[in-house]
Amino acid sequence: MNLKCECYIHSLKQGEKNVLGEAAILKRLGDNDYLAEYNGVKCHAMFNPFVGRNFVDDVYGIVHSSPERGER
């Protein structure tokens, strides 16, 4: 899975307003937990079915190594 899509990116957020950017969803890690890459940073992402978009956390959800299922 290497799906590029428009996602809400945490570091681009302006106040309370979420901002879209292009990120790659690399693989599924668990229930609604995905490995994503934005600007060369690997991080966690989750899909929000209410807005139909992924939320990529490149601020607090940075992955420093290649996680296996259940490891963070």
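The values are calculated or read from the model by the stated rules, or taken from the named source; none is laboratory data. Since this is a predicted model, take the numbers as computed values, not measurements. Neighbour counts run over all protein chains shown; Cβ positions are idealised from the backbone, glycine included.
Some notes on this structure:
- Candidate set: the range 16-31, residues that are assigned to a loop (DSSP other than H, G, I, E, B) and over 16 Å from residue 58 (Cα atoms); chosen: the one nearest to the chain's Cα centre (by Cα): 31
- Residue 4 surrounded by 14 or more Cβ atoms within 10 Å (Cβ to Cβ), of a type in the set (Lys, Arg) and part of a strand (DSSP E or B): no
- Scanning the range 32-43 for residues that are surrounded by fewer than 18 Cβ atoms within 10 Å (Cβ to Cβ) and in a strand (DSSP E or B) yields 33, 41.
- Test: residue 53 is in contact with a Cys (Cβ under 9 Å, 6 or more places away or on another chain) and among the basic types (Lys, Arg): yes
- Residue within the range 44-57 that is surrounded by 10 or more Cβ atoms within 10 Å (Cβ to Cβ), free of Cβ contacts under 8 Å to residues at least 12 places away in the same chain, touching a Gly at 6+ places or on another chain (Cβ under 7 Å) and not β-branched (Val, Ile, Thr) present: no
- So residue 56, is it at pLDDT 95 or above, of a type in the set (Val, Ile, Thr) and either in contact with a helix residue (DSSP H, G or I) (Cβ under 6 Å, 6 or more places away or on another chain) or in a loop (DSSP other than H, G, I, E, B) (or both): no
- Verdict on residue 11 being assigned to a loop (DSSP other than H, G, I, E, B) and among the hydroxyl-bearing types (Ser, Thr, Tyr): no
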